[in-house]
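Since the structure comes first, as C-alpha cells, the remarks are kept for the end.
What follows draws every value from the coordinates through simple rules; no lab data is involved. Just so you know, these numbers come straight off a predicted model, no measurement behind them. Every residue, glycine as well, gets a Cβ built from its backbone with ideal geometry; the counts of neighbours run over all protein chains shown.
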Amino acid sequence: MLRIQLETKSQRHQIELKERDVQLDQLRRQLKFAVTEEEEILKELKNVTMEHSAEKLQLEKKVVELEAQLELVEGKLNEWKEKALEATSQLRSQSRQSAVKVRQSWQR
C-alpha cells in the first residue's frame, strides 16, 4: 500500500514536472517571439529614422539652393531698382532742360 502511494506520488510529481516543462517551453517560445518582434520593430525604426534623416538633408539642401536663388534675384532686383532710379533721375533732368529751353524760346 505504501509502495502504491509512493508510486502514485512519484507519477503525480512526474506529471507536474512535465506540465511545468510544457509551460516553460511555452514561455520560451513567447519570449523568443517577443524578442524577434522587438528586433523587427527596431529595424523598422532605424529604417524610418534613416529615411527621415535623408529627407531632412534633402530639404535642407533645397533650402540652401532656394536661399542662394533668392539672393541672386534680390541682387538683380536691386540692380533694376538702381537703374530705374537713375533713369528716372535722367528723365527729370531732361524734362527740366526741355522746360527751360521751351521757356527760353518763348521769351525770345
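For the stretch 41-86, filtering for residues that are more than 22 Å from the chain's Cα centre (by Cα) and charged (D, E, K, R) leaves 8. Annotation: Gln5 fulfils all but one of (1) surrounded by 10 or more Cβ atoms within 10 Å (Cβ to Cβ); (2) polar (S, T, N, Q); (3) over 49 Å from the mean Cα position of the chain (by Cα); the unmet one is (1).
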